[in-house]
Amino acid sequence: MHRFDGCHWRPRAVPQVPAAPRLLRPWLDEPGSLTRRLRNLAGSAFNVVVLDEHWARAWPDECYRLGSQAMRWHWVREVLLCSGRTPLVYARSVIPGSSLTGPLRRLRQLGRQPLGTLLFGRYRVVRGPIELARVDASSRLGMRVMPQSDLPCWARRSVFHIARRPLLVTEVFLQPLLEELSHEHDRR
């Protein structure tokens with residue numbers, strides 16, 4: 001368990017207290033492309049809203065997960081994955097500068113293209129273990145997503161390796177996604 005930013009990140013195999021909502025668990029455990037799953041849910045209304053892309057020093061817990069030095073610069077990308085104007089997932093990608101060489105330099109120029117399309121389409125990707133956390137407003141991550149949702153949210157993160165180059169992807173599942181999953185479940 002790692003706690004640097006106010007979140008209690010735990011391996012997904014470790015029981016969470018409180019437990020994640022039942023309808024959200026398959027999404028938290030998704031081993032493949034979350035982008036593909038969101039496209040299936042939202043259909044043609046799926047879109048990406050870029051909140052920010054910039055060079056920055058990663059948060060201490062992100063450096064720890066990446067095995068990166070805190071004083072190094074990282075490319076940080078924050079987006080909302082939406083259905084129409086409704087944000088469903090907040091995603092934060094942290095990429096060490098050393099990972100952005102060769103063909104991977106294009107990761108800095110994704111624009112409104114989802115990172116998942118590139119990760120699960122073009123390159124051979126190895127995904128590290130998924131960690132889960134409950135995110136509330138007191139955490140650094142919570143301060144980033146709470147403008148989108150006032151209720152605690154669930155998040156997952158994992159390190160991906162492309163050609164042995166790491167990048168960390170954190171995904172926070174927002175309340176509107178849970179509401180949509182509940183409506184979909186009721187319709188069955």
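Each reported figure results from applying straightforward, stated rules to the coordinates on display, with no laboratory input. Note that the coordinates shown come from a computational prediction; the quantities given were computed from them, not determined experimentally. As a convention, Cβ positions derive from the backbone with ideal geometry for all residues, glycine included, and neighbour counts pool all protein chains shown.
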>> Given points 7 Å out from each Cα along the Cα-Cβ axis, report the Y123 to A13 separation in nanometres with one decimal.
In response: 2.7
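Treat the count of other C-beta atoms within 10 Å as a stand-in for reagent exposure and order Y123, Y90 from fewest to most. Please report the intermediate quantities before stating the final value.
Details: Y123 14, Y90 26.
Fewest-to-most ranking of Y123, Y90: Y123, Y90.
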> At q = 0.11 Å⁻¹, what base-10 log of I(q)/I(0) does the Debye formula yield for segment 22-183 when every alpha carbon is treated as an equal point scatterer in vacuo?
Replying inline: -0.41
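Of the listed peptides 74-85, 170-181, 27-38, what is their order by residue-averaged count of other C-beta atoms within 10 Å, with the highest listed first?
Working: 74-85: 19.2, 170-181: 20.8, 27-38: 16.7.
In decreasing order of mean packing, 74-85, 170-181, 27-38 become 170-181, 74-85, 27-38.
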